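First up is the structure itself, then whatever we jot down about it.
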Amino acid sequence: MAVYSVCVTTGPYLMAGTLDNISVTLLGTCGESPKQRLDRLGRDFATGSVQKYKVRCPAELGELLLLRLYKERYAFFPKDSWYCSFICVKAPDGTCTQFPCYQWIEGYCTVELRPGTATTICQDSLPLLLDHRRRELQSRQECYRWKVYAPGFPGIIDVSNFEEMETDKKFALTKTAPCTDQGDSSGNQYLPGFPMKIDFPSLLHMDPNIRYSATKTVSLLFNAIPASLGMKLRGLLDHKGSWKKLDDIRNIFWCHKTVTSEYVTEHWCEDPFFGYQYLNGVNPVMLHCLSSLPSKLPVTHDMVAPSLGPDTCLQTELERGNVFLADYWILEEAPVHCLNGRQQYVAAPLCLLWLNPQGALVPLAIQLSQNPGPQSPIFLPTDSYWDWLLAKTWVRNSEFLVHEHNTHFLCTHLLCEAFSMATLRQLPLCHPVYKLLLPHTRYTLQVNTIARATLLNPDGLVDHVTSGGRQGLLYLISTGLAHFTYTDFCLPDSLRARGVLTIPNYHYRDDGLKIWAAIQSFVSEIVGYYYPSDASVQRDTELQAWVSEIFAQAFLGRESSGFPQRLCTLGELVKFLTAIIFNCSAQHAAVNSGQHDFGAWMPNTPSSMRQPPPQTKGTATLESYLDTLPEVNVTCNNLLLFWLVSQEPKDQRPLGTYPDQHFTEEAPRRSIVAFQNRLAQISQEIRERNQGLVLPYAYLDPPVIENSVSI
C-alpha cells in the first residue's frame, strides 16, 4: 500500500471556499489511484485554508502526470463555486509535485491539472499528455469565441457565448448578485447619476476566471456612485449651458485635486507646458522630428522669427533636429455628431514645435486643417492672446480624441484583449508562454466588456461627451488600426523612427526604455530556459498557432503592419513577448493613469468643441472661447470618467508581482526575483529624479504600474 499526502490550498478571496464534495485521482506513469474523496473532521476547503489529506494506492504510481479533481454535490446544498490555488502531492519516496490551479471551479465538474513544470508540445511525448493538451484547448476554444465588433476593429470576446453556456447549464455563476437597478426592456440599466445606459447583461454572463474580483467590483461602484451623485445633486450633470467663467470649472472636483492637476490648472495656457505635455502627458507618442517642413504646412522663417529670436534660423534648427511636428491627419474625415442637440466640430491640426536653447519644447505655429489656404490661417504665438489660446485648445481637443480612441483604447485595451484571447485559446496551461503572459491578461477581458457596455454602446458615454460620438470612435479606431505598425508597437523602434531619442526631459522615454530593457532581460531568460534553439521555436505548433491568431484577429491579417505571422528565431519571440508585456502594463499606465491629472482642468483637454475652427484671425474673445468649450454637463460626464479610470485599484498587482506561482521550477523563479529587483532599482532611480522636478513624472514608477490592462 502506497500513501500519498495531498495538500490542498484554497484561495484567500471572498467566497473562495466551497461546501461541495471534492475527490481526487492521481495518474502516474505506473498507474492510477482509485478515486478518493478528500474529507476530514471539520470544515473542508474554507477560504484561505491549507489542508492535508491521505490518498492510498495499491502500489506506487511512478512519476505523477495528472491530478484529476472531481467537484460533486454535497447533500442538499446547491452548487458552490471554489477557488483552488494549488495542490501539492508528496509521494511515498518524499518527492513533492506541485499542481498549480489558480482558478474558479464552477458547478459539478471534473478538472485535470498537470504538474507545474512548464512544457512545450515538443517536450510532451506521452499520448496521455498530448491528448490532455488537445482536449484543454478544444474546451477553451469553445468557451472563448471571437466576435467582430465593427469593421476594421480587432477581434473581441463574444460575451454572449457565456450566457448561452449558462443557459445550457455548462456554467453556473452562482456567486454573482443579481442586478436590481431599473432599466429598459432590453436589460440596459442606469446607475444613479449616470445619464448613459449600461448593458449589464453583457457584464454578468462571464467566466468567473476573467471577471473582476468582488473587491474590485465593490471598489469601482463605491468610487463611481458618490462622485456622480455629488454632481447630480449640484445640478451639474443636468446643466446644458456654457460655463459662465473659467474659474467655475475648478469647483467640479474641488475635493479630488492632485499635485499635477493643480499645476495644470495654473500653467495650462503657457507655451512651455503645452509643449511639455507632448513629452510627459498622457499621449507622449505624437512627436516626429522634421528635417524639412511638409508642403501642407507652409511656415516661413519670417513667421516664426519673433519666437526663434534674432540669432536663430528656422532652416538651421531643422537641420539640427530641433523642430518637431504633431500631425492629427487621422481626424480630417472623422464624423461628428450632436451633443445636447447642438452640432459639434472636429479639426485636423498640424502643430509645429521647437526645442529652444533652454531645453523647453514650445509651439511655433498651428494650422487647424490639413489644407493650407486663406481659410486655414497659421496661428502664431505673436497673435492675440485669445486667438493663440483658442488655436492651442483646438490642438488639445485633437489630442483628446487621438489619445482616447487610438493611443489608449485601441493600442492598449483592444490589442491587449486580442492577445489575451489568443493566449487563452491557443496555449495550454502548461505552456511556458501561457504561464508568462497570464498575469498580464488579468481582468482585461472584463474591463473591455465594461467599456463596450458603458462607453461604446449606443447612447453610452462616448455619445455623451465627444465631438464624434460612437460613429467617430468607430472611424478613428478602424483607421488607426489600418495604419498601426510593429514599429509603433515596439517602444525603442518607435522612438528611433520618430527621431526623439535625444530630446531632454523626456521622462516617458527614459523610464519606458528602462522598463522595456528589464522586461526584455526577464523574457530572454524565460525563453532561453524553455527554447534551446531557433528550431525549437519553429517546431512549437501551439506557439505558431498563437502568433498566427494574433496576426489574423488583432491586425486583421494586414501584412503591411509588419507584425509577425510566424516566429522563427529566439530573438523574434523575445521581442514580441517583450512588446506585449510592455504594452499590457507600462504603456497602459503611461497613457491611462494621468487622465485625471491632465484632464481635471477641462480647457486643457476638452472632449468636444461647439464652434467650427476659426477661419480668420482677430475674432476670438473670452466669450467666444467659452462658447466653444464643452457645456457643463458634457464636461462633468467626461471628468467623471477621467477620475474613475485614474483610481488605484484595491487589489492591484504591480508590474513584476506574481502571487500565483504558475512557474514551479527554480530557474524561472530566480528570473522573476531578478526582474523584481531590477524594477525596484528603476523605481528608486525614478523617485530620486522626481525629487528634483517641479512636476514629478511617476506614471512609469513600477509600483504604480498594473501588471495588466485592468481599468
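Annotations for the structure displayed:
- Prolate/oblate/rounded call for the stretch 1-70, Cα gyration tensor, a/c under 1.5 rounded: prolate
- Distance violations [Cα-Cα > 29 Å] among K244/K617; K35/K90; K240/K296; K245/K650; K35/K79; K257/K617: K240/K296; K245/K650; K257/K617
- Segment S292-C269, length gained on full extension (0.36 nm per residue, minus Cα span): 5.5 nm
- 3J(HN,Hα) along the stretch 372-377: x, x, x, 8, 9, x Hz, from the Karplus curve 6.51 cos²θ - 1.76 cosθ + 1.60 with θ = phi - 60°, whole Hz, x for Gly and Pro.
- Per-pair calculated FRET efficiency, R0 = 56 Å: M1 and A497 via Cβ, rounded to 0.05: 0.25
- Each Cα pair under 8 Å and six or more residues apart adds its sequence gap; the mean of these over the residue count of the stretch 272-351 is a relative contact order of 26 percent.
- By average C-beta atoms within 10 angstrom, highest first, the peptides 262-269, 303-310: 262-269, 303-310
- The stretch 2-116: C-alpha gyration tensor shape, a/c 1.5 cut-off, then a/b vs b/c: prolate
- The residues neighbouring I686, those whose beta-carbon lies less than 11 Å from its own, together hold a net charge of -2 under the Lys/Arg +1, Asp/Glu -1 convention.
- Alpha-carbon centroid distance for the pair the stretch 123-163 / the stretch 655-676, whole angstrom: 26
- Net charge of Cβ neighbours under 13 Å - reference Y263; Lys, Arg +1; Asp, Glu -1: -3
- Per-residue Karplus couplings for the stretch 16-21, computed as 6.51 cos²θ - 1.76 cosθ + 1.60 with θ equal to phi - 60°, are listed in order as 6, x, 9, 9, 5, 6 Hz, Gly and Pro entered as x.
- Computed on the chain, with alpha-carbon pairs under 8 angstrom and 6+ residues apart, the relative contact order is 16 percent.
- Sites listed here are chymotrypsin sites (Phe, Trp or Tyr not before Pro) in the stretch 1-102 whose DSSP assignment is loop and whose Cβ has at most 12 other Cβ atoms within 10 Å: F76.
- Phi angles across the stretch 599-612 convert, under the Karplus curve 6.51 cos²θ - 1.76 cosθ + 1.60 with θ = phi - 60°, into 3J(HN,Hα) values of x, 4, 8, 3, x, 6, 8, x, 8, 7, 9, 9, 10, x Hz, Gly and Pro given as x.
- Listed values (i) 162; (ii) 240; (iii) 183 include one computed from this model; for volume of the Cα convex hull per residue in Å³ that value carries the label (i).
- Angle in degrees between helix 415-426 and the longest Cα principal axis of the chain, rounded to the nearest 10: 20
- For the chain, calculated [θ]222 nm from helices alone, where every DSSP H run of n ≥ 4 adds -39500 (n - 2.57): -11500 deg cm²/dmol
- Tilt relative to the chain, helix 507-530 - C-alpha long axis, 0 to 90 degrees, to 10: 20
- Note on H337 and Q358: their simple-model spin labels are 4.4 nm apart, each label 7 Å out from Cα toward Cβ.
- Computed lengthening from R539 to Q684, 0.36 nm per intervening residue step minus Cα-Cα distance: 48.0 nm
- Surrounding net charge for F642, when Lys and Arg each add one and Asp and Glu each subtract one, Cβ distance under 11 Å: -2
- Label-reachable residues, the stretch 684-698, where backbone N falls under 16 Å from a point 7 Å from L513's Cα toward its Cβ: 686
- Computed from Cα positions, the angle between helix 469-483 and the longest principal axis of the chain comes to roughly 80 degrees.
- Taking the protein heavy atoms of the chain in the context of the full set of protein chains, the accessible area attributed to carbon and sulfur is 54 percent at 1.4 Å.
- Taking every C-alpha pair closer than 8 Å and separated by at least 6 residues, the mean separation divided by the residue count of the stretch 2-116 gives a relative contact order of 34 percent.
- For the pair K52 and E623, the difference between a 0.36 nm per residue extended length and the Cα-Cα distance amounts to 198.1 nm.
- Solvent-accessible surface of the chain, taken per residue with a 1.4 Å probe and all protein chains present: 39 Å².
- Proximity of backbone amide H atoms, modeled 1.01 Å from N, is registered between Y53 and V6, C7, V8 at under 5 Å, excluding neighbours fewer than 5 places apart on the same chain.
The values are calculated or read from the model by the stated rules, or taken from the named source; none is laboratory data. These numbers were taken from a predicted model, which means no experiment stands behind them. Every residue, glycine among them, receives a Cβ derived from its backbone with ideal geometry; neighbour counts consider all protein chains shown. In case anyone asks, the SASA skips ligands and DNA or RNA and just uses the protein heavy atoms, side chains included. Shrake-Rupley method; radii C 1.70, N 1.55, O 1.52, S 1.80 Å.
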